[in-house]
Structures are given as structure tokens and as C-alpha cells.
Amino acid sequence: MYFFLCTMAFSALNRRAWLTSGIFGGILSATRFVGIGFALSYLIAFPQTLLKQDQSRPRYLLGLLICPLGLAVFTTYLYYLVGDAFAFKHVLVAWGRREISSPINSLEAGLWAGGWQRYFAITAIFSFMMSGWLTFRRRFQYAIFLAIVTLPAVSLGPLDSMPRYVWWQMPLLLGVVELLSKNKLICAAYFIASVCWAIFMTVSWFGGGGRFVT
């Protein structure tokens, strides 16, 4: 659902369907709290609307207000359910998550640790690099969203779940496809490898290989 909503929100944003984009963005922020980052991607369209005499400005503003509404509704629900509006953050302690720390320190620790931790750190670094490449390509709305959804996972540490925070982000996959699409052979190889990896992950999940799914 998160991937679908993220894709639809950006698709509508690119078509300047402001209200539709805001609705999808609002629901996106309800599925995962990092979805609130789409509001910043939405804001990048500010010069294209509010600084011009554009009749779509009311729809733009309404869509912008809707973007964080999903998270607001979810936190309100948690407050009345368990008495803690930010239970989704505080419960991370059960998974060994600590207080917010320097992402640089977390990445450095992961790289020096070796093994899986090094792979997790490299995954996060790749995500930030892709955000930089999207910025270079002037795809600012994708770049800022990818950086925002990656940063909390790195800052809260440990890095164990980094692949599942990164590899299903639509902007990252879009960047990968754009990079590989210049060569049809490489693109076909990537597609085949992705299918094989997806099968492997699915079998590992149902077979109890939770370490691989992490």
C-alpha cells in the first residue's frame, strides 16, 4: 500500500493534479510516518503556483493541508487507544532502537563492523547517493523525499532493517531504472536479477529465513 500510494501521489503531483496528489499523500502519511515527507516534495511546486496568477492555487493549498492529515488522524487514534500519540516511535525500543543519534556515526559504525552491518550501511549510503543523483537530474521532489525516508532509519539505528526501508522506495527504484535503461542488456539483466531476488526473498520469508528478509 505504501509503495502504491507513493507512486500515485508523485504521479498526480507531476500532472499538477494538486488535490488528488494531496489526498494520496495524506493517506501515505497514515501508512508510515515517513510518508509525511511527501509534504516537502509537494511544497517544491510552490513557485509554480503561489507565485503566479494561477486559478489552481486554492486546490494546491487544500492539497498541501491534506498531506499531513493522515498522520494526524493516526496519532489521534493512538492517543485514544493507548494514551500515547507517538506510540509508533516509542515502541521502537522493543526492536533495540535507541534515541536519535548522528547518522554519520551510525554509518561509520556499520562500515567498521563488517558482515551484514557493512551491507546495511552501504545500502543507506547508496540511498543518499541516489538522492544526490536525483538532485543533479533536477528531480528535486524525488530527491528530498528519498533523503527524508532514509534519514530516520539511519539516525535511530541499529541499521539491521535498512534494506526494507530503502529498496522499496519509489524514487530510488525510479533512479535505478533511469540509470540502467540506457543499456538494454543491463536493463534486462537487472529485471531478471530482481525477479530471482524477489523469489528468493519470498521463499526465505515463508521458510523462516527472517534474517534475509531484514
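The values are calculated or read from the model by the stated rules, or taken from the named source; none is laboratory data. If you're wondering where the values come from, they're calculated on a predicted model, not measured in any experiment. Cβ: placed from backbone, ideal geometry, glycine included. Neighbour counts: every protein chain shown.
Among residues of the range 187-208 that are in the same structural domain as LEU174 (by TED's automatic domain parsing), none has a beta-carbon under 6 Å from a residue that is among the aliphatic types (A, V, I, L, M) and part of a helix (DSSP H, G or I) at least six positions away or on a different chain. The set of residues in the range 14-38 being surrounded by fewer than 23 Cβ atoms within 10 Å (Cβ to Cβ) and either within 17 Å of the chain's Cα centre (by Cα) or assigned by TED's automatic domain parsing to the domain that holds LEU174 (or both) consists of ILE27, ALA30, THR31, ARG32, PHE33, VAL34, ILE36.
When the range 147-176 is limited to residues that are assigned to a helix (DSSP H, G or I) and among the small types (Gly, Ala, Ser), the one that is farthest from PHE33 (Cα to Cα) turns out to be GLY175.
All told, LEU81 falls short of being surrounded by 20 or more Cβ atoms within 10 Å (Cβ to Cβ), out of contact with any helix residue (DSSP H, G or I) (no Cβ under 6 Å at 6 or more places or on another chain) and not hydroxyl-bearing (Ser, Thr, Tyr). Of the residues contained in the range 39-49, one or more are found to be modelled with pLDDT of 90 or more, farther than 19 Å from PHE88 by Cα, assigned to a helix (DSSP H, G or I) and of a type outside the set (A, V, I, L, M). So, in the range 59-115, of the ones that are aromatic (Phe, Trp, Tyr) and part of a helix (DSSP H, G or I), which residue ends up modelled with the lowest pLDDT? Filtering the range 59-115 for residues that are aromatic (Phe, Trp, Tyr) and part of a helix (DSSP H, G or I), the one modelled with the lowest pLDDT comes out as TRP95.
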